[in-house]
Each structure stands twice: as structure tokens, then as C-alpha cells.
1. With the condition being in contact with a Cys (Cβ under 7 Å, 6 or more places away or on another chain), I'd like the strands (runs of 3 or more DSSP E) fully within the stretch 107-162 carrying at least 3 qualifying residues.
2. Answer yes if at least one residue in the stretch 86-100 is under 19 Å from Leu14 (Cβ atoms) and not charged (D, E, K, R), and no otherwise.
3. With respect to Val122, is the statement that it is hydrophobic (A, V, I, L, M, F, W, C), in contact with a His (Cβ under 9 Å, 6 or more places away or on another chain), more than 29 Å from Glu81 (Cα to Cα) and open to solvent by less than 80 Å² (accessible area, probe 1.4 Å) true?
4. Being in contact with a helix residue (DSSP H, G or I) (Cβ under 6 Å, 6 or more places away or on another chain), open to solvent by 20 Å² or more (accessible area, probe 1.4 Å) and within 24 Å of Phe104 (Cα to Cα) is the filter here; which residues of the stretch 153-175 pass it?
5. When you scan the stretch 34-52, do you find a residue that is closer than 25 Å to Lys171 by Cα, open to solvent by 30 Å² or more (accessible area, probe 1.4 Å) and either modelled with pLDDT of 90 or more or of a type outside the set (Val, Ile, Thr) (or both), even just one?
6. Kindly establish whether Tyr178 is open to solvent by 80 Å² or more (accessible area, probe 1.4 Å) and within 30 Å of Glu72 (Cα to Cα).
7. Kindly list the number of the only condition in (1) surrounded by 14 or more Cβ atoms within 10 Å (Cβ to Cβ); (2) modelled with pLDDT of 90 or more; (3) over 22 Å from the mean Cα position of the chain (by Cα); (4) not charged (D, E, K, R) that fails for Gly28.
8. Regarding the stretch 55-70, can at least one residue be identified that is among the charged types (D, E, K, R) and open to solvent by less than 60 Å² (accessible area, probe 1.4 Å)?
Amino acid sequence: MDDKKISIAVIKRLPRYYRYLSDLLDAGITKISSKELSERMDLTASQVRQDFNCFGGFGQQGYGYNVRKLYEEIAEILGIEQAYDVVMVGAGNMGQAVAKYDNFKRRGYNLNAIFDINPDVVGNTIAGIPVYHLDDMVEYIKTHKTDIVTLTVPAKVGTTIVDMIGGLGIKGIWNFSYADLHEAAEKYGIIVENVHLSDSLMILGYRLHTEK
């Protein structure tokens with residue numbers, strides 16, 4: 001499988017498939033057709049088959065999809081079965097909300113430490129996770145396996161954090177700041193996934209405005 005040949009639109013649908021398949025398993029459903037799955041996801045059956053064919057296809061002609069097998073295959077593609085160690089920079093309102101997200105460990109992501117400069121939070125814990133001073137982050141990453149850094153900091157300090165962690169073996173950045181960090185991270189070989197909540201809200205506003 002060559003991820004570079006797969007469109008980002010297909011990749012972004014995989015978590016949706018994963019969630020729907022999880023619901024099917026919880027309901028005791030063991031088999032589903034592309035037509036049934038497409039109706040649940042508001043797609044066409046052809047689109048579902050095309051998406052899965054990007055990864056070699058998972059169904060059998062005349063049988064459909066084994067829900068458990070498909071669920072496990074997509075989990076493997078998404079890397080959910082692989083554990084990732086995560087630290088977070090920023091213990092403000094957004095950081096605290098992210099730290100309290102229950103599905104971190106269920107999805108294979110272990111949030112181990114939080115870093116901040118606010119003396120009111122440094123030395124405390126958030127959802128059982130210790131908060132350290134930002135000055136201690138580089139040494140922590142050098143001595144603790146860390147795959148991903150989550151950024152919930154103001155945009156103006158985003159690139160500074162990237163330069164701090166560059167060259168320390170970090171594989172990815174989950175970026176909640178408004179800074180575009182792709183260029184800064186690229187020189188260190190770090191993958192960036194941006195989460196822009198306001199963009200999603202504006203898309204909702206567009207749909208409310210145009211789909212009346």
C-alpha cells in the first residue's frame with residue numbers, strides 16, 4: 001500500500017468507517033454489505049467499495065464484509081493497534097479539555113506529560129497527568145519515549161516549540177494552535193496534523209446559510 005497515492009478525502013473517511021463498525025460490533029452485527037454501510041454513512045455503495053479498494057479491498061462477492069475483520073483491518077491502517085507516547089504543551093482551557101479526552105488510550109495514544117509555564121498549574125496534575133515546567137520538556141523527551149507532541153498553545157509560540165523538539169525523534173505534532181507549522185516541522189521530518197475548531201464552525205455556518 002502506498003499512502004502517497006491515496007487521496008486525503010479517503011483517509012479522512014477511515015475514522016468514520018471505524019466508528020460505524022464499532023457501533024455495529026456493539027450491536028452484535030457480524031456482516032454488512034457495501035450498500036448497507038453506505039446508507040449508514042450517507043455515501044454511495046460505489047464510494048464505499050472504491051475507498052476499500054484503495055487498500056486492496058476487504059469484502060467477498062455476494063457476501064459483503066465481515067464486520068470484525070474490516071474493523072481490525074481499518075484499525076491497523078490507522079495505526080490504532082500501535083501504541084504512541086504523547087506529551088502536550090499548553091495546560092490552558094483547551095489543553096485541559098484535550099487531556100480529559102477519554103478516548104486517548106482507547107485509540108492507542110498514551111498522554112504521559114503536560115508542559116506549561118503557568119506556576120498555578122506546574123507541579124499539579126490534570127486528569128491524573130503530571131504538569132511540568134516547559135523548561136524541563138527537552139530533557140523529558142530525551143529520557144522518555146515520545147512519539148507525538150500535542151500543541152494547545154498560542155500561535156505565536158508554535159514555531160518556537162517546533163524548534164525546541166526538532167531533532168529529538170518526535171514523529172508527529174497534533175496542532176491545535178492557529179499557526180501553520182508545516183514548514184517549520186518539515187525540516188525536522190515531523191508530520192503535522194492541524195485541528196482548527198473555528199474552521200469547522202465556519203463550515204457549519206456556511207451549511208446553515210446555503211442549505212436552507
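The values are calculated or read from the model by the stated rules, or taken from the named source; none is laboratory data. It should be emphasised that the depicted structure is a prediction, and the values quoted were computed from it without experimental measurement. As a convention, Cβ positions derive from the backbone with ideal geometry for all residues, glycine included, and neighbour counts pool all protein chains shown. Protein only, heavy atoms only, side chains kept; ligands, DNA and RNA dropped before computing areas. Shrake-Rupley method; radii C 1.70, N 1.55, O 1.52, S 1.80 Å.
1. In the stretch 107-162, there are no strands (runs of 3 or more DSSP E) which contain 3 or more residues that are in contact with a Cys (Cβ under 7 Å, 6 or more places away or on another chain).
2. No, that holds for no residue.
3. Working: hydrophobic (A, V, I, L, M, F, W, C): yes; in contact with a His (Cβ under 9 Å, 6 or more places away or on another chain): yes; more than 29 Å from Glu81 (Cα to Cα): yes; open to solvent by less than 80 Å² (accessible area, probe 1.4 Å): yes.
For Val122, the condition - hydrophobic (A, V, I, L, M, F, W, C), in contact with a His (Cβ under 9 Å, 6 or more places away or on another chain), more than 29 Å from Glu81 (Cα to Cα) and open to solvent by less than 80 Å² (accessible area, probe 1.4 Å) - is met.
4. Result: Leu168, single match.
5. Here is the first cut: in the stretch 34-52, the ones closer than 25 Å to Lys171 by Cα are none.
No: zero hits.
6. no
7. Among (1) surrounded by 14 or more Cβ atoms within 10 Å (Cβ to Cβ); (2) modelled with pLDDT of 90 or more; (3) over 22 Å from the mean Cα position of the chain (by Cα); (4) not charged (D, E, K, R), the lone unmet condition for Gly28 is (1).
8. So far as the stretch 55-70 goes, no, none of its residues is among the charged types (D, E, K, R) and open to solvent by less than 60 Å² (accessible area, probe 1.4 Å).
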